[in-house]
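The values are calculated or read from the model by the stated rules, or taken from the named source; none is laboratory data. Source: prediction; values computed, not measured. With ideal geometry, Cβ positions are generated from the backbone for all residues, glycine too; neighbour counts draw on all protein chains shown.
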Amino acid sequence: MAVSVSVRIKAVRKALGLSQRAFCKGIFLSHSFYAQIESGTRKANERIYELISTKYNVNREYIMLQIKQLLNVQKRGKKGENKDQKKV
């Protein structure tokens, strides 16, 4: 099972030993907005990934890993479907 981006962001925050309020203050987000990202209600955007990466020295690729994995699975699925269709 893939780990969601919101879970990765939360893991980063906890690894740094920060509360939600302290973490979101460091990246200039309101607490309520950040809490929604962490709970999965809202999605983080490129700007937020960049802020987290820059402020907390976190590899941006780590945060976005699940997104890339999903894109790769979708691409492989489409290629596989085309191959299967040619064989029939």
Q. Among helices (runs of 4 or more DSSP H) lying entirely in the chain, which contain 2 or more residues that are surrounded by 12 or more Cβ atoms within 10 Å (Cβ to Cβ), of a type in the set (Val, Ile, Thr) and at pLDDT 85 or above?
A. 5-15, 46-56
Q | All positions within region 14-59 that are among the basic types (Lys, Arg) and over 13 Å from the mean Cα position of the chain (by Cα) | A | LYS14, ARG21, LYS25, LYS55
